Structures are given as C-alpha cells and as structure tokens.
1. Any idea how far the Cα center of the stretch 105-153 sits from the one of the stretch 25-59, in Å?
2. Would you look at the GNM of the chain, springs on alpha carbons closer than 10 Å, and say which of PHE209, PHE197, PHE241 moves the most?
3. How many percent of the accessible area of the stretch 128-294 is carbon or sulfur, using a 1.4 Å probe?
4. Of ILE121, ILE298, ILE144, which has the largest mean-square fluctuation in a 10 Å C-alpha GNM of the chain?
5. Which whole-Hz ³J(HN,Hα) couplings does the stretch 15-27 yield from phi under the Karplus relation 6.51 cos²θ - 1.76 cosθ + 1.60, θ = phi - 60°, glycine and proline marked x?
6. So what's the gap between the Cα centers of the stretch 223-242 and the stretch 174-197, to the nearest angstrom?
7. Where q = 0.07, 0.12 Å⁻¹, what log10 of I(q)/I(0) comes from the Debye formula for the chain, counting one point per Cα?
8. Measure nothing fancy, just the Cα-based angle from helix 234-260's long axis to the longest principal axis of the chain, in degrees from 0 to 90, nearest 10.
Amino acid sequence: MNILAIESSCDETAAAVVKDGRDVLSNIISSQIEIHKLYGGVVPEIASRKHIEKVIQVVDEALKKAELSMEEIDAIAVTYGPGLVGALLVGVAVAKSIAFANNKPLIGVHHIEGHISANYIENKELEPPFLCLVVSGGHTNLVIVKDYGEYEVLGKTRDDAAGEAFDKVARAIGLGYPGGPKIQKISEEGDKNAISFPRAKVVDNPFDFSFSGVKSSVLNYLNSCEMKGEEINKADVAASFQEAVVDVLVSHTIEGARQLDFNKIAMAGGVASNTALRAAMKNACEKRGLELFYPSPILCTDNAAMIGAAAYYDYKKGMLADLTLNAVPSLKLGQR
Ligand code: KG4
Ligand code: ZN
C-alpha cells in the first residue's frame with residue numbers, strides 16, 4: 001500500500017511516499033530554517049506563507065522520486081495537529097484537495113504519533129508495546145506505546161520542551177537558531193562537569209519534566225559572570241547544560257521502563273538526534289539489558305515519512321478522515 005504523506009506543522013514543508021508503513025520510497029523536506037534564523041526562531045506567519053509557496057513542488061518531487069504516478073497512490077495522509085494553525089492548514093487543505101480530486105482515502109495523523117512511528121521505518125522488527133521518549137522543539141513526553149495508534153502519556157513537561165530549552169540556551173550564549181545542533185557541536189570542546197546545573201524533579205509525578213529551571217540557571221550563570229567581568233567559556237556552558245538535560249531524560253526513561261517492566265525503549269523527535277543523549281541512553285540501556293531504538297537524524301527531525309508510517313497503521317485500523325478534517329493546533333495524543 002503506497003501512502004503519500006504531507007507534513008507542514010512547523011517550519012518544514014515535507015512530503016513522502018511510504019510503502020506498507022515501513023518502506024520509504026521518497027522523503028522530501030524543504031526547510032525554512034534559513035529564513036527563521038534571521039528572527040531567532042520560527043515566525044508563524046512566515047512559516048504559513050512559505051508552506052503555500054513550496055507544498056505543491058515538494059509533493060510533486062516526492063511522487064517523482066518514488067517513481068509513482070498519482071494513480072499508484074492508495075491513500076493521502078497529513079499531519080492535522082498539534083502545531084502552528086496556519087502552517088497545519090496548508091498541509092490539510094492540500095491533502096484534502098488531492099484526496100478529493102483523485103478520489104483517494106484521507107488519513108489525519110497526530111504529529112507526535114508520526115515522530116514515534118519514525119522508529120518503525122529503520123527497525124523493521126520493532127512492534128508495540130514499548131516505552132518512547134518523545135523530545136522535540138514543542139514536546140517532551142514519555143509515552144507508553146500500547147499498540148499501533150494506542151498511547152498513554154506517562155510523563156510530560158510542565159514548562160519548556162527539551163528542544164525549546166536547547167534553543168533558548170543557544171540564543172543566550174549567542175549560537176543562533178536552531179540551538180540543538182549548535183549546542184551539540186560546541187559541547188564537543190567543552191567539559192560537561194565544568195558547571196553544575198540543576199536536574200529538576202516534579203514532586204507529584206516522577207515522570208514529568210521541567211526544563212525552565214535549568215534554562216534560568218544558565219541565564220543566571222551568564223549574568224553573574226558578566227557582572228563579575230569573568231570570561232564565559234561557551235563550550236563548558238553548553239556541555240554542562242546538555243549534560244543536565246540528558247541526565248534527566250535518561251533517568252526518567254530508565255525509571256519508567258523499570259517501574260512498568262518494559263524491555264524495549266525508543267526515542268523520537270528532533271532532540272533524539274542529539275549524540276550525547278543517544279550515547280547516554282545506549283549506555284544506560286546496555287547496563288540494564290534493555291533494547292534501544294532510535295531513528296536516523298533525518299527521521300528524528302520533522303519529516304513526512306514518519307507521517308506515512310503512522311498513517312499506514314491508522315488506515316489498517318479503519319481510522320480514516322473525511323473532507324471535514326481541520327487543523328487542530330493543540331490536538332492531544334490519542335484524541336480523534
Ligand atoms: O522534531 P522537531 O524537528 O520539531 C518539532 O516537532 O518541534 O524538533 C526540533 C527541535 C529544535 O528545538 C532543535 O533545536 C532540536 O529539535 N534539535 C536538537 C538537535 N537537533 C535538533 N536538539 C539537540 N541536539 C540536536 N542534535
Ligand atoms: Zn516534530
């Protein structure tokens with residue numbers, strides 16, 4: 001079954017063709033980073049406008065790369081939430097138009113379900129149940145994947161998402177947007193034990209996260225150095241901050257697996273491409289005999305192949321949308 005998938009929830013205009021949920025025939029991503037960089041973050045209005053400019057081109061390219069015609073496509077899938085409403089609307093409108101014009105079934109996909117499903121693409125043997133850490137610019141969730149399309153959120157962030165914290169700290173030390181990859185790079189030259197930044201615990205749910213404290217602590221450290229006229233070692237700040245975030249992400253996930261008796265762990269979302277996080281999680285899983293899965297970096301950050309993967313399992317469960325499908329900017333995981 002060939003699914004043409006479209007993703008436009010934030011600043012990536014993407015289209016892909018995925019066969020039977022796990023075989024990527026094409027995965028086209030048009031990134032808007034160069035434009036948003038000028039403003040230090042994603043400007044929603046610009047994102048919507050750029051999606052409109054690029055989306056048809058990206059869809060055409062996805063079909064061309066897959067060497068398939070529209071007749072050979074069996075269904076159209078699209079991210080309908082959560083995300084920026086104007087950005088989501090572009091993908092939803094285009095997907096509905098293609099589905100209507102070509103008389104194809106339509107599948108509305110949750111963006112986080114897409115991130116989780118990215119794991120199925122390169123790990124053909126992976127099947128639910130497993131525990132998945134979803135870490136992106138907008139979300140930090142520890143999710144119990146009970147079955148395809150069935151999720152329970154075990155923990156979530158109370159304030160900033162992990163990626164958001166990376167982006168804000170990167171901006172504070174003058175590294176620019178997007179911050180995650182820049183923090184990762186500069187950290188390679190830093191000492192992760194140079195500065196002790198806090199690891200927040202949320203009292204009433206040990207699986208919830210909070211990253212605003214570590215972010216404020218970095219800002220306070222920078223201010224205090226400035227006031228004392230001390231030179232700031234950016235690499236040490238970045239490495240110590242990254243270590244604090246990674247430490248919390250790994251310990252929560254491992255504790256979740258221990259308490260709920262999971263032996264398979266997966267990671268997803270942009271921050272899951274972080275090399276320090278991958279290494280620390282791998283190490284922790286090896287120590288405890290847990291199996292670890294994560295997608296290649298290109299499938300961690302926003303893409304449409306992950307939407308095609310998720311859509312296949314939704315389709316098999318008969319979860320189809322109709323032409324009333326609309327963008328839902330704060331769609332909850334598991335909500336229809
Ligand atoms: O999943 P994604 O592409 O978009 C959302 O759904 O939010 O994630 C983007 C986020 C950004 O905050 C970016 O800084 C972060 O993922 N990110 C990283 C890395 N690559 C991307 N964070 C840490 N290390 C990385 N290598
Ligand atoms: Zn995402």
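1. 24 Å
2. Residue with maximal mean-square fluctuation among PHE209, PHE197, PHE241: PHE197.
3. Numbers: 3500 of 7510 Å².
With neighbouring chains kept in place, the figure for the stretch 128-294 is 47 percent.
4. ILE298
5. 9, 8, 10, 10, 9, 6, x, 10, 10, 8, 8, 7, 8
6. Measuring centre to centre over Cα atoms gives 11 Å.
7. Result of the Debye calculation: -0.28, -0.81.
8. Compared with the principal axis, the helix lies near 60 degrees.
The values are calculated or read from the model by the stated rules, or taken from the named source; none is laboratory data. Nothing here was measured: the structure is a model prediction, and the numbers come from that model. For neighbour counting, all protein chains shown are included, and Cβ atoms are generated from backbone atoms with ideal geometry for every residue, glycine included. For the accessible areas, the whole protein counts, side chains as well, though only heavy atoms, and no ligand, DNA or RNA atoms are used. Shrake-Rupley method; radii C 1.70, N 1.55, O 1.52, S 1.80 Å.
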